[in-house]
Amino acid sequence: MRSFSAAIAVAAPLLLATPALAQFGPQGPPAVGVITAERRPVTESSEFVGRVEAIDRVDLRARVTGFLQERLFREGQEVEAGKPLFRLERAPFEAELARAQAQVAAAEAELTNATINLNRARDLVRSQAGTQARVDEATAQQRTAQAAVLGAQAQLRVAEINLGYTEIAAPVDGKIGRATYSVGSVVGPTSEPLATIVSQNPMRVTFPVSLRTGSELRERYATRGGAEAVRVRLRLPSGQLHAPAGRIDFVDPQVDRSTDTILIRAVIDNPPIDGNAASGATGADRRLIDGMFVNVFVEGAEPVPAVVVPRAAVLQDQRGNYVFVLDAENKAQRRGVTLGRSIADQVVVESGLEGGETVVAEGVQRVRPGQPVAPAPASAPAVRSAPGAG
């Protein structure tokens, strides 16, 4: 019993003399990796889901009834405005034109004769060999002949227009789809569209934005030039980034009441894919296709300085997001932060850090508020730019 008491008496001074061992154990303060929170140029970006739309979409229809005689294109190829695409049988319309020309000639002959009769009646009145009633009658006949000429000329113009409608040309540049009717079919104004042309370059992309997010974007870029300070990037369904950047050209002034969103539209170039011809190809030779879904990135045209820290340095509890910042004694202090968007494995801190703070980035799970730590530089990866930036 005396030996046990003596052992305690000897050990007690040792425990009192080594408080660090009592608090941290034999390993001492926890080792952590730290970084210095710095302000770096960051391209601000917000992501949405949008749909690509052609600027022009035209249904080709027959404007007169006739037999479809020729189809002058390959389905799926790009066509130029003014290029003939379909021809209807011309013979019936040429015959109608000739008949209208004959009617004009006959009406002009009647007008000539009526004019001669009117002049003769006037001469007879002046020589007192005729009557005023005869002059009035001749005047009415001459005016009737004039009206007949105008009517015949109008019918001639209609015949010329109908003959012109036998050739159906492309009203816009674009890619033409499949033909609805085969050669030899009878088509007319009430028929289905013969084919559809959709323009290819540039294209539009529309995307809905919540009212709150739209207000935030407007406030963010209001002092930088508004829509002119924003560019639009697209990620295709394949995961590939579309190289050209677009610009916003329209913001819907009305809110969709069913979704509480506003519609934003951007215009973006859609050049031919390298290695494919700009026109004449029967396949899809441009990356953007009318109706496709894409991921839309709305980015600031110029980078802005922002505090960026590794995502792993940020913790969350009931009070929100926070990080551990070391003070002059290497003690970890909790610091609440407001986060912005993520860039790969980094995150933008909108408020809570001013830059220059020492932030725990590795081993953060072992840290407690007010606890001393053993800091060492962390191997934080470099900040990468937003998707499509460059």
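The table that follows gives values for the structure above.
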item	result
Hits in the range 296-323 - residues which are assigned to a strand (DSSP E or B) and of a type outside the set (A, V, I, L, M, F, W, C)	Glu299, Gly300, Pro305, Pro310, Gln316, Asp317, Gly320, Asn321, Tyr322
Strands (runs of 3 or more DSSP E) wholly inside the range 156-243 that include at least 1 residues being of a type in the set (D, E, K, R)	167-169, 174-176, 203-210, 230-235
Restricting the range 138-162 to residues that are of a type in the set (A, V, I, L, M, F, W, C) and crowded, with 18+ Cβ neighbours inside 10 Å, the residue that is farthest from Ala109 (Cα to Cα)	Ala159
Residue match in the range 80-90 (condition: of a type outside the set (Asp, Glu), over 20 Å from Pro171 (Cα atoms) and surrounded by 13 or more Cβ atoms within 10 Å (Cβ to Cβ))	yes
Of all residues in the range 174-218 being more than 26 Å from Ala81 (Cα to Cα) and without any contact (Cβ under 8 Å) to a residue 60 or more places away in the chain, the one that is surrounded by the most Cβ atoms within 10 Å (Cβ to Cβ)	Gly214
So Asp274, is it part of a loop (DSSP other than H, G, I, E, B) and surrounded by 14 or more Cβ atoms within 10 Å (Cβ to Cβ)	no
Those residues of the range 46-76 which are within 20 Å of Ser182 (Cβ to Cβ) and among the hydroxyl-bearing types (Ser, Thr, Tyr), in sequence order	Thr65
Hey, Arg74 surrounded by fewer than 15 Cβ atoms within 10 Å (Cβ to Cβ) and not assigned by TED's automatic domain parsing to the domain that holds Gly363 or not	yes
Check on Ala159, modelled with pLDDT of 95 or more, of a type in the set (A, V, I, L, M, F, W, C) and either in contact with a Pro (Cβ under 7 Å, 6 or more places away or on another chain) or under 29 Å from Pro272 (Cα atoms) (or both)	no
Identity of the residue in the range 308-363, of a type in the set (D, E, K, R) and within 15 Å of Pro375 (Cα to Cα), that ends up farthest from the chain's Cα centre (by Cα)	Glu329
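Per-residue answers, yes or no, for (1) at pLDDT 90 or above; (2) in the same structural domain as Val158 (by TED's automatic domain parsing); (3) in contact with a Phe, Trp or Tyr (Cβ under 8 Å, 6 or more places away or on another chain); (4) within 30 Å of Arg178 (Cβ to Cβ):
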residue: Glu78; (1), (2), (3), (4): yes, no, no, yes
residue: Leu97; (1), (2), (3), (4): yes, yes, no, no
residue: Gln103; (1), (2), (3), (4): yes, yes, no, no
residue: Val125; (1), (2), (3), (4): no, yes, no, no
residue: Gln128; (1), (2), (3), (4): no, yes, no, no
residue: Ala140; (1), (2), (3), (4): yes, yes, no, no
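One line per residue, one yes/no per condition, for (1) at pLDDT 90 or above; (2) farther than 26 Å from Val79 by Cβ; (3) not assigned by TED's automatic domain parsing to the domain that holds Gln69:
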site: Asp173; (1), (2), (3): yes, no, no
site: Thr206; (1), (2), (3): yes, no, yes
site: Leu217; (1), (2), (3): no, yes, yes
site: Val230; (1), (2), (3): no, yes, yes
site: Ala245; (1), (2), (3): yes, yes, yes
site: Asp256; (1), (2), (3): no, yes, yes
site: Pro271; (1), (2), (3): yes, no, yes
site: Ala284; (1), (2), (3): no, no, yes
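The values are calculated or read from the model by the stated rules, or taken from the named source; none is laboratory data. Not measured: the values here are computed from a predicted model. All Cβ positions, even for glycine, are placed from backbone atoms using ideal geometry, and neighbour counts span all protein chains on display.
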